[in-house]
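Participant: The structure's right below; bear with me while I get my questions together.
The values are calculated or read from the model by the stated rules, or taken from the named source; none is laboratory data. Note that this is a predicted model, so its numbers are computed, not measured. Cβ: placed from backbone, ideal geometry, glycine included. Neighbour counts: every protein chain shown.
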Amino acid sequence: MEHKLYSIANLSDILKLHPKTILRFIHEGKIKARKIGRSWMVSRDELKEYAHSEFAGEEKPLPEKNKTDAANLTERIAVSAVVEIDEENSEEASRISNSLMAMLNGKDDSWGKTRFDFFYYPEIRKAKYVLYGSPKFIAAVLGTFDLLAAQKEE
């Protein structure tokens, strides 16, 4: 029995999605894949499951949630923030970005799922730091920006 495997490039053509989007879906578990050598490969069955997920199996009932449960509320809250800094060059903006990445690599488990995106626009000399996560995570990162601003003023 032949098992058809699709590469990221194949899936990009089939699903009309950017390869980075497909990789993100794999890392998020939306598309099941396995790594063969240095490449991610998706079987025909896994592709069908992703493409037809609403028909792939029995519909699973959503777990009942107690809306008054504080722990449950903590899990349901997501916050986003955009920090924009005027920067003359990308080196300083990249340094800040690297510091934030180091902070995320050693993150506190109580922050839950977090995400950080960095953009530098040389034409307008602005750096943007886009943050997603729990209120605790956003507060910690904004506190870091506050400390950086205080150090620059000294």
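Participant: Are any residues in the range 130-144 of a type outside the set (Val, Ile, Thr) and surrounded by fewer than 20 Cβ atoms within 10 Å (Cβ to Cβ), and if so, which ones?
Facilitator: If the condition is that a residue be of a type outside the set (Val, Ile, Thr) and surrounded by fewer than 20 Cβ atoms within 10 Å (Cβ to Cβ), then 132, 134, 135, 136, 139, 140, 142, 143 are the ones that fit.
Participant: Would you kindly identify the helices (runs of 4 or more DSSP H) lying entirely within the range 1-72 that contain at least 1 residues that are β-branched (Val, Ile, Thr), out of contact with any His (no Cβ under 6 Å at 6 or more places or on another chain) and modelled with pLDDT of 75 or more?
Facilitator: In the range 1-72, 8-15, 19-28 are the helices (runs of 4 or more DSSP H) which contain 1 or more residues that are β-branched (Val, Ile, Thr), out of contact with any His (no Cβ under 6 Å at 6 or more places or on another chain) and modelled with pLDDT of 75 or more.
Participant: With the requirement that a residue be touching a Leu at 6+ places or on another chain (Cβ under 7 Å) and either under 15 Å from residue 77 (Cβ atoms) or free of Cβ contacts under 8 Å to residues at least 60 places away in the same chain (or both), what does the range 98-143 give you?
Facilitator: Once the filter is applied, which keeps residues that are touching a Leu at 6+ places or on another chain (Cβ under 7 Å) and either under 15 Å from residue 77 (Cβ atoms) or free of Cβ contacts under 8 Å to residues at least 60 places away in the same chain (or both), the range 98-143 yields 114, 116, 129, 138.
Participant: For residue 77, state whether it is more than 18 Å from residue 145 (Cβ to Cβ) and surrounded by 11 or more Cβ atoms within 10 Å (Cβ to Cβ).
Facilitator: yes
Participant: Of all residues in the range 105-138, how many are more than 18 Å from the chain's Cα centre (by Cα) and either assigned to a helix (DSSP H, G or I) or among the small types (Gly, Ala, Ser) (or both)?
Facilitator: Residues that pass the stated criteria total 1.
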